[in-house]
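*Asks:* Quick one: this structure, given as structure tokens, is what I'll be asking you about.
Read-outs throughout are calculated quantities, based only on the coordinates presented, and are distinct from any laboratory measurement. It should be emphasised that the depicted structure is a prediction, and the values quoted were computed from it without experimental measurement. Positions of Cβ are backbone-derived with ideal geometry, glycine not excepted, and every protein chain shown enters the neighbour counts.
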Amino acid sequence: MEKFETLVSRAIPLDIENIDTDQIIPARFLKATDKKGFGDNAFRDWRYDENNQKIDSFALNNSKYSGSILVAGNNFGCGSSREHAAWALTGYGFKVVVSSFFADIFKGNALNNGLLPIQVTPVFLEKLMNYVTSNPNGEITVNLEEQTICVPSNAISEQFEINAYKKTCLMNGYDDIDYLLSKTNDIEVYETSKKY
Amino acid sequence: MSKTLFDKVWDAHVVNTIDNGPQILYIDKHLIHEVTSPQAFNELRERNIPVFRPNQIVATADHNTPTLNQHLPVKDELSRKQLEQLAENCKANNIEFFGLGHKNNGIVHVMAPELGITKPGMTIVCGDSHTSTHGAFGAIAFGIGTSQVAQVFASQCLLLEKPKKLRVKVNGKLNKGVLPKDVILYIISKLGTNSGTGYFCEYAGEVFENMSMEGRMTVCNMSIEMGARGGMIAPDNTTFEYVKDREFTPKGQEFEDCVAYWKTLKTDNDAVFDQEFEFNGEDISPMLTYGTNPGMGIGINEFVPFESNASFEKALDYMDFKAGESLINKPINFVFIGSCTNSRIEDFRVAASYVKGKKKASNVTAWLVPGSKKVEAQIVNEGLKDVFTEAGFEIRQPGCSACLAMNEDKIPQGEYCVSTSNRNFEGRQGPGSRTLLASPLVAAATAIEGKIIDITKHLN
């Protein structure tokens with residue numbers, strides 16, 4: 001996994017609540033057996049209409065917005081456990097998703113793919129969404145070490161929470177398999193003591 | 001210290017705790033399918049890591065399988081390759097595999113319980129969010145991503161923070177025509193789609209105690225639709241009777257010893273939950289969803305509510321419904337009875353009891369997709385197949401089918417489908433499709449009438 005360091009980027013606003021993983025990557029695109037190529041179909045049915053024409057009003061199709069930070073409404077990533085959703089977002093080029101709430105499985109999947117889910121307060125999300133929407137060229141700074149997200153030009157910033165173990169993994173590019181494999185002895189001891 | 005059912009099962013599976021970090025949780029059973037496992041197998045291969053406990057893994061083909069002509073080669077090339085890859089991966093790693101046509105094949109959350117693979121007190125994971133289904137047996141069961149599938153392959157363990165505990169009690173008796181699906185749709189409509197996030201939910205009270213195992217599975221299945229990673233119901237005699245004598249269940253004294261342990265898994269009287277909710281069974285009506293998440297549900301004779309926010313309006317716009325209107329008499333052209341939520345024999349019995357002697361409306365395409373080969377055979381053996389075919393319903397072969405529309409079973413653009421599945425997200429049943437979630441009874445009645453009816457007025 002790639003190391004996550006400080007990120008300075010523009011952001012794309014997606015002011016919709018309860019964005020589920022079927023929207024992030026529809027099921028019909030889950031037939032691939034590797035992790036590549038899902039970015040092309042990220043938010044497919046919001047980006048393209050039934051005749052495969054781009055829907056201009058959708059933020060990802062709006063040329064004024066760009067960047068590797070997605071700012072989305074409450075309860076992002078609900079629904080299916082498909083990790084393809086995280087692969088679609090990283091494949092599209094996102095490194096950070098900001099929302100006021102994330103669904104559990106998506107959050108875990110994102111962290112396992114070096115995509116940082118930043119949960120902010122609803123008040124901060126509203127400010128950030130407004131800022132990004134009206135200042136498409138404005139840059140946002142995410143500092144994982146300090147656990148801060150801020151808009152330098154607008155003096156808004158917030159501290160965010162992240163599990164200390166996961167933070168170490170992201171900053172060093174480790175994953176859980178490395179750790180679990182180092183614990184095989186403990187796991188075998190547990191197995192021999194297990195009755196049911 | 002007093003413990004909940006969840007604590008008892010969780011604590012019995014903790015291998016180790018990292019200081020200021022997650023716990024190492026041991027996984028008893030790992031269920032896999034074709035869609036979320038290939039990248040995990042690739043990962044192990046690339047890193048030269050063997051599968052640690054292949055005999056604790058069971059595989060089935062379900063998400064991306066055709067529901068017609070399963071004896072023929074799968075037409076869609078990508079689907080065929082994905083299925084072949086699962087077969088190859090299982091063979092190379094000595095993993096039990098119930099492929100298309102195998103007598104044990106079926107939707108992962110239907111086949112594992114009916115074979116006795118699912119047992120009380122277990123930890124069970126699968127790369128599918130509806131793994132919560134198995135919590136009906138008093139197991140800790142939850143969906144995982146593909147990176148976690150690889151972790152379980154490598155170590156039979158996961159690194160997890162212990163979730164918080166939630167209890168939802170429903171006491172009293174259910175009204176006529178109110179099924180387990182209505183109970184869970186009601187709970188989600190009251191609590192919302194993210195109320196359970198960060199929690200494991202225990203369902204308790206008379207309504208669940210009096211429910212069959214099939215009904216309990218329907219309820220636990222949709223725990224994820226309120227955000228909860230899993231749902232659980234304390235194992236009791238209903239559970240033990242269901243589990244007994246199934247193919248993978250221990251027999252004789254070993255079974256008796258298991259039952260003695262399973263009986264200890266109830267929540268202690270003074271155990272504390274982080275959050276509790278209570279509802280009355282009598283308040284629940286047959287339910288229907290009107291929006292694009294499973295929390296957007298109403299009693300079938302209620303009205304679409306008013307709410308002033310952009311996401312709510314976007315949902316109504318997608319569904320082409322208006323705030324304040326009734327859904328009764330809305331014409332419906334598609335009905336789907338199936339999915340890991342409602343494709344067990346009990347679901348087809350309840351649908352058949354309504355359909356018997358009637359004909360489906362001419363405008364309706366009605367698909368019945370059994371959850372497994374065993375359910376498919378039961379439908380025939382119990383004479384339900386004749387009831388359905390005489391009524392004009394189409395019985396297809398087992399699989400996830402139009403629940404997620406990965407295969408050809410898609411609802412056309414703009415059409416409404418009354419569906420017994422679990423998600424009414426935009427495009428879930430095919431691009432532009434509009435899903436109304438309901439019980440098998442409401443779905444069957446819709447197919448007969450060709451429109452939504454107030455089922456409560458049509459019950460003898």
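*Asks:* Hey, what's the Kirkwood Rh for segment B:332-382 if you take every pair of different alpha carbons, in angstrom?
*Replies:* Over segment B:332-382, the inverse of the mean reciprocal pair distance is 11.6 Å.
*Asks:* Rank A:LYS31, A:LYS167, A:LYS107 by mean-square fluctuation in a GNM of chain A with C-alpha springs under 10 angstrom and give only the top-ranked residue.
*Replies:* Highest fluctuation among the options: A:LYS31.
*Asks:* Here's something else I'd like to know. Based on the alpha-carbon gyration tensor of segment B:282-336 and its eigenvalue square roots a ≥ b ≥ c, which shape applies: rounded if a/c is under 1.5, prolate if not and a/b is larger than b/c, or oblate?
*Replies:* Verdict is oblate for segment B:282-336.
*Asks:* Classify segment B:41-190 as rounded, prolate or oblate, taking a ≥ b ≥ c as the square roots of the eigenvalues of its Cα gyration tensor: rounded when a/c is under 1.5, otherwise prolate if a/b is larger than b/c and oblate if not.
*Replies:* oblate
*Asks:* May I ask you to give the average projected area over all directions of the convex hull of the Cα atoms of segment B:182-335, in nm² rounded to one decimal?
*Replies:* The number I arrive at for segment B:182-335 is 12.1 nm².
*Asks:* Rank the residues A:CYS169, B:CYS400, B:CYS157 as a footprinting-exposure proxy: fewest other Cβ atoms within 10 Å of their Cβ go first.
*Replies:* A:CYS169, B:CYS157, B:CYS400
*Asks:* Any idea what diffusion coefficient chain B gets from Stokes-Einstein, in µm²/s, Kirkwood Rh on alpha carbon pairs, 37 °C, 0.692 mPa s?
*Replies:* After rounding, the answer is 147 µm²/s.
*Asks:* Return the subset of B:LYS181/B:LYS385; B:LYS181/B:LYS330; A:LYS167/A:LYS195; A:LYS107/A:LYS127; B:LYS103/B:LYS251 for which the Cα-Cα distance in this structure is over 25 Å, preserving the input order.
*Replies:* Over 25 Å apart, Cα to Cα: A:LYS167/A:LYS195.
*Asks:* Taking K and R as +1 and D and E as -1, what net charge do the other residues with C-beta under 12 Å from the C-beta of B:THR218 add up to?
*Replies:* Charge balance near B:THR218 sits at -2.
*Asks:* Can you give me the long-range amide H partners of A:TYR48? Hydrogens built in the peptide plane at 1.01 Å from N, cutoff under 5 Å, separation of 5 or more residues or another chain.
*Replies:* A:ILE55
*Asks:* Related question: Determine the principal axes of the Cα atoms in the protein assembly as shown, then give the extent along each, sorted from largest to smallest and rounded to whole angstroms.
*Replies:* Rounded to whole Å, the extents work out to 71, 60, 55 Å.
*Asks:* Taking only the alpha-carbon positions of segment B:313-460 and ignoring solvent, what does the Debye formula give for the base-10 log of I(q)/I(0) at q = 0.11, 0.12, 0.14, 0.21 Å⁻¹?
*Replies:* The calculated log intensity ratios at q = 0.11, 0.12, 0.14, 0.21 Å⁻¹ are -0.37, -0.44, -0.61, -1.32.
*Asks:* Averaged over B:35-47, how many beta carbons belonging to a partner chain fall within 10 Å of each residue's beta carbon?
*Replies:* Counting Cβ atoms of other protein chains within 10 Å of each residue's Cβ and averaging gives 3.
*Asks:* Just name one of B:GLY227, B:SER285, B:SER308: the one whose Cα is farthest towards the positive end of the charge dipole of segment B:160-314 (beta-carbon charges, Lys/Arg +1, Asp/Glu -1).
*Replies:* Working it through, the farthest residue towards the positive pole turns out to be B:SER308.
*Asks:* Helix-only estimate, please: 222 nm mean residue ellipticity of chain B, summing -39500 (n - 2.57) across DSSP H runs of length 4 or more and dividing by its residues, to the nearest 500.
*Replies:* It lands at -9000 deg cm²/dmol.
*Asks:* In angstroms, what radius of gyration and Dmax does chain A have, counting Cα atoms only?
*Replies:* Using the Cα atoms of chain A, the pair Rg, Dmax is 18.2, 61 Å.
*Asks:* Another question, if that's okay. Taking Cα pairs under 8 Å and at least six residues apart, what relative contact order does segment A:52-196 come out at, in percent?
*Replies:* This gives 17 percent for segment A:52-196.
*Asks:* Would you mind ranking B:ASP409, B:ASP283 by Cβ crowding within 10 Å, fewest neighbours first?
*Replies:* Ordered by Cβ neighbours within 10 Å, fewest first: B:ASP283, B:ASP409.
*Asks:* Looking at the square roots a ≥ b ≥ c of the eigenvalues of the Cα gyration tensor of segment B:260-394, which shape do they give, rounded for a/c under 1.5, prolate if a/b is larger than b/c, or oblate?
*Replies:* Oblate shape, in that a/c is at least 1.5 and b/c is the bigger or equal ratio.
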